Amino acid sequence: MTPPRFCRTVCILAALTGSAAPYLSAQHTLRMANGDRLTGVLVRIEDGQWIFTFNGQEVTVAADSIASFQSASPIGLRLTDGTIAAATVSEAPGGLGLALPGGLRTIRVSELEAVGDPADLAALVPRHIGFFTPLREFWTANAAFGFSDKTGNSRARGLSATLDVERRTQKDRITVSFGVNREESRSANDVFETTVSKFYGALRVDVFISARVFLFAATRQERDRFQDIALRSTYNGGFGYQATSGSVTDLNFSLAGGARRENFISGGSETATVAALGAKLRHDFGPAVLLWQLDFSPKLADFGDFRFLSDANITAPLFAGIGFRVAVLDEYDSRPRPGIEKNDLLLTTQVSYTIGR
């Protein structure tokens, strides 16, 4: 038997109303100081702005332009005095009326500091953001130790160790790196001798002025016995462009100017103003992660006199932060000291350990 048309209509409306009830119960109504109204969902409050979702789009409203706010269903609230609770919100003389578990309370609009899920009030507890905290959210540290094989000026093999520490937020990025290679170098009589042949330390600070553009300053200090470098100090600063930043691919480019001073083991030194062009890529291939950095640094007075560095490594996870890494460092000096080869290639295999994000 076919139900009457009226019955079918009532059934359909009841089904639609029932399926939409959770969504409708989450609707919030905003009244502006100029009398305009907006119905949507208040998703967050940040920097004096209320962010609503309305027809699938985000709408930002300045808090000081809001006259009242209503939520017929409970919503998680954090007030400026530290109160965190779930409450319904209605219009009240002078502001907002909150139906709290302990009774009714009236607050000004400006006293509402954050909103969230009423079933997860712990998420509304404010976090202390400091230089080192939250440590695991902002900081990453990686230490690696293994074996190296060098061709070029040293033709040596030995041990390799590196340490990389990075702090990254939406506003800044700080990178500190250290590395050392202790190698056995072939002497004239074909006997291997142990020596600390190479070390480096580097620091770079990026400050974002927009989502894509950042300013930076950097320095790198290094010693390479087989390139006749007692100490090479490089200082530069400039700007960069963050081409993409995601969990899979992170790529940025940089352009800078600065100075380079080289003190030679055989005697003498040299100072020059230089340009610096660079690129840095991080890409996640699933279980393995590729890091690749390129730096091209010519003299401003003579672009034919330049240094080029390609530093790439790929790390595959083994267990609980432990990974296996293969790294290739290629360094090229277009005009080296007499008796020094232009190109040095260092291949290392390491076991690494990573903590942090």
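Computed quantities for the displayed model
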{"quantity": "Residue match in segment 257-277 (condition: in the same structural domain as Val328 (by TED's automatic domain parsing) and in contact with a helix residue (DSSP H, G or I) (Cβ under 7 Å, 6 or more places away or on another chain))", "calculated": "yes"}
{"quantity": "Segment 39-56 residues that are in the same structural domain as Glu111 (by TED's automatic domain parsing), paired with ones that are acidic (Asp, Glu) and outside any strand (DSSP E or B) (beta carbon under 8 Å, 6 or more apart)", "calculated": "Gly48/Asp64"}
{"quantity": "Filtered residue count, segment 278-307, keeping only those that are in a strand (DSSP E or B) and either within 19 Å of the chain's Cα centre (by Cα) or without any contact (Cβ under 8 Å) to a residue 24 or more places away in the chain (or both)", "calculated": "15"}
{"quantity": "Candidate set: segment 130-156, residues that are crowded, with 18+ Cβ neighbours inside 10 Å and part of a strand (DSSP E or B); chosen: the one modelled with the lowest pLDDT", "calculated": "Ala156"}
{"quantity": "Number of the exception - Ala230 against (1) assigned to a strand (DSSP E or B); (2) at pLDDT below 95; (3) more than 30 Å from Glu341 (Cβ to Cβ); (4) of a type in the set (Gly, Ala, Ser)", "calculated": "(3)"}
{"quantity": "Tally, over segment 81-100, of residues that are within 38 Å of the chain's Cα centre (by Cα) and hydrophobic (A, V, I, L, M, F, W, C)", "calculated": "5"}
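The values are calculated or read from the model by the stated rules, or taken from the named source; none is laboratory data. Just so you know, these numbers come straight off a predicted model, no measurement behind them. Note that each Cβ is placed from the backbone with ideal geometry, even for glycine, and that neighbours are counted across all protein chains shown.
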